[in-house]
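Please treat every number below as a calculation from the coordinates, not as lab data. Predicted model only: the values in this text are computed from it and were never measured. Every residue, glycine among them, receives a Cβ derived from its backbone with ideal geometry; neighbour counts consider all protein chains shown.
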Amino acid sequence: MSAIVVKDITFHSSPAKKNLLGLDLEQLTSFFEQIGEKSFRAKQIMKWIYQCNIDDFLHMTNLSKKLAVKLDEIACIHLPEIIQEQKSDDGTVKWLLKLDSGNCIETVFIPEENRGTLCVSSQIGCALECGFCSTAQQGFNRNLSSAEIISQVWVANRAMGTTHKGDRLITNIVFMGMGEPLLNFDEVTRTIRILLEDNAYGLSKRRVTISTAGVVPALKRLRDVTDVSLAISLHAPNDEIRDMIVPLNKKYPIAELLEACRYYFSGDTKLKQFTIEYVMLDHINDELKHAHELVRLLKSIPCKVNLIPFNPFPNSGYKRSSNNRITAFREVLQKAGLVTMTRKTRGDDIDAACGQLAGKVNDKTKRKQRSEYII
Ligand code: SAH
C-alpha cells in the first residue's frame, strides 16, 4: 500500500471567470442568452466539454474565432488538479484530486468484464458517523459543487480514454465515494441532470446510482426530480443494530426508510428494484438469525441484496466476517428467494475499496456543527 503524500497544498482563490463546468443545460442556455449569444451554443459547448473532453474554447472548432476569444476572456472550464493516481493490481484506479479550497477528494474507477464504474464523491468528508466507514473518521468539511462532482467524471474519462471501438470505458456512475449524496441534494441532482443529458454524458438512468444511508425526507424529494437507480445502505436487520452502526437510523428508522423506498418506486418508473447494501461485520450483524430477520424484513420489497465484506482501516474497532460466515448468510437469503450477491473487494491494495476513501479534509467542522447538516 503506497502512502498518500500531499505536498505544498496552496490555496487558490476561485477563478474570476465564470466556470461553465457543472452548469446544466438550462443554466448554460441562460448564460449564452445573457452574453448576447444564440442559445444553441449551450448544446455545442456541452458536447465539447463532456463528449470530447475539451477544456479550451480555442480548440472548439465549430465556434467562430471571435466567440472562442470572447469566451476565453469571460469564462473557463475549471478542473481540479490531479495530485496522485494509483493503480491496483486488479485494474482499479484511484485519483486524489485537489480542490481550490486545498481539500482533496478521491474518485475510483472499477473495471469489470462488461462495464466500467466510476465511484464519485459528493462531499468533502461526511457528516454521518457510521463507525465502520473511514470517511466518517475524517470529519465533515463542506458539500461539493456540481462542478466539483462532474469534474471527477471529466478527469477520469480523460485518463481512461475509450476502447478501440471508441466507446467510453466509464459506463456507470455510482455516488458511493466520500459523503452522503442526499445531504447535498441540489448539487447532486444538478450533476445527475448533466450525466443523463444527451448533449453531455447521455447515460441511462439505470447506469447512475445514488447510494444513501437513508435521509428519508430527501429520498422522498428525490422522486420528484429524478428516477435514477438507488442503493440503500441498510447494513442491519433491525433498529437495535442499525442505531449502533448507522446513527442516522435513530432519526429515520428502518420502517420509515423502507416506506420511502417504496414511494420512490411507486408510479411511472421503469426501474423495478433497488439494491440493499449490507456490510458484513464479524459478530455484529452476520449471525444466521440476522439473515432470517433480514428475509422477513425484505419480504415483498422490490430489492436485491449486495453483501459487502467489511474493508478494514486503522482503529475501526470492527472485523470483516469470515468467508464461511458470509457464505452461510448469503445462502439463507438466497434460499428465501432474495437475489443476493457478495461484492468482490476491489482496489484494497490502494485503499480504494468501499469505505476506505479518506481524501484529505482540512478545516473539519466540529461534531456539534456537523449534526446541523443532518436534516
Ligand atoms: N453515504 C452513502 C454513500 C457512501 S458509502 C451511503 O451511506 O450509502 C458507499 C457504500 O460503502 C455504503 O454502502 C457504505 O455503507 C459502504 N461502506 C462504508 N464503509 C465501508 C467499509 N469500511 N467496508 C465496506 N463497506 C463500507
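In 10 Å bins starting at 0, how do the alpha-carbon pair distances of region 204-269 split up by percent?
21, 51, 24, 3
Between Arg346 and residues 5 or more places away or on another chain, which pairs have amide H atoms under 5 Å apart, with H built 1.01 Å from N, and which residues are they?
Those lying under 5 Å, H to H, from Arg346 are Cys354.
Work out how much length Lys304 to Val339 would gain on full extension: take 0.36 nm times their residue separation and subtract the Cα-Cα distance, in nm to one decimal.
Extending this stretch completely gives an extra 12.1 nm.
Mind checking the angle between helix 323-335 and the chain's longest principal axis? C-alpha axes, 0 to 90 degrees, to the nearest 10.
90 degrees
Give me a comma-separated list of calculated 3J(HN,Hα) values for region 111-128, in order, Karplus coefficients 6.51, -1.76, 1.60 applied at θ = phi - 60°, integers in Hz, x for any Gly or Pro.
x, 10, 3, 10, 7, x, 10, 9, 9, 9, 8, 10, 9, 8, x, 8, 8, 7
Quick one: longest stretch of the chain between exposed loop GluC sites (Glu not before Pro), exposed meaning at most 14 other C-beta atoms within 10 Å and loop per DSSP? Spell out each step's value before the answer.
Working: sites that count: Glu112, Glu113, Glu372.
Counting at most 14 other Cβ atoms within 10 Å as exposed, the longest clean stretch of the chain is 114-371.
What is the set of long-range amide H partners of Ile83 at a cut-off below 5 Å, with H atoms built 1.01 Å from backbone N?
Leu96, Leu97, Lys98
Output needed: percent of Cα pairs per 10 Å distance bin for region 113-202, bins running from 0 to the one holding the longest distance.
Spelled out per bin, shortest first, that is 16, 45, 28, 10, 1.
Show me, bin by bin at 10 Å from 0, the whole-percent P(r) of the chain based on Cα pairs.
5, 23, 33, 25, 10, 3, 1, 0
Against the longest principal axis of the chain, how steep is helix 254-264, in degrees 0 to 90 to the nearest 10, with axes from Cα atoms?
The two axes meet at around 40 degrees.
In whole Hz and in residue order, list the ³J(HN,Hα) couplings for region 65-79 that follow from phi through the Karplus curve 6.51 cos²θ - 1.76 cosθ + 1.60, θ = phi - 60°; x for Gly and Pro.
After applying 6.51 cos²θ - 1.76 cosθ + 1.60, I find 4, 4, 5, 4, 5, 4, 4, 4, 6, 10, 9, 7, 10, 8, 10 Hz.
What residues qualify as long-range amide H neighbours of Val279, i.e. H under 5 Å apart, gap of 5 or more or another chain, H built at 1.01 Å from N?
His235, Ile308
How about region 144-203: which trypsin sites (Lys or Arg not before Pro) there lie in a loop by DSSP and see at most 15 other Cβ atoms within 10 Å?
Here the sparse-neighbourhood loop sites are Lys165.
Straight distance only, please: which aspartates and glutamates reach the Cα of Lys18 with their own Cα at less than 16 Å, same-chain residues fewer than 8 apart left out?
The reachable aspartates and glutamates, counting only those whose Cα sits under 16 Å from Lys18, are Glu26, Glu33, Glu37, Asp55, Asp56, Asp72, Glu73, Asp100, Glu148.
Of Gln334, Gln86, Gln138, which is the most mobile in a GNM of the chain whose springs link Cα atoms less than 10 angstrom apart?
Gln334
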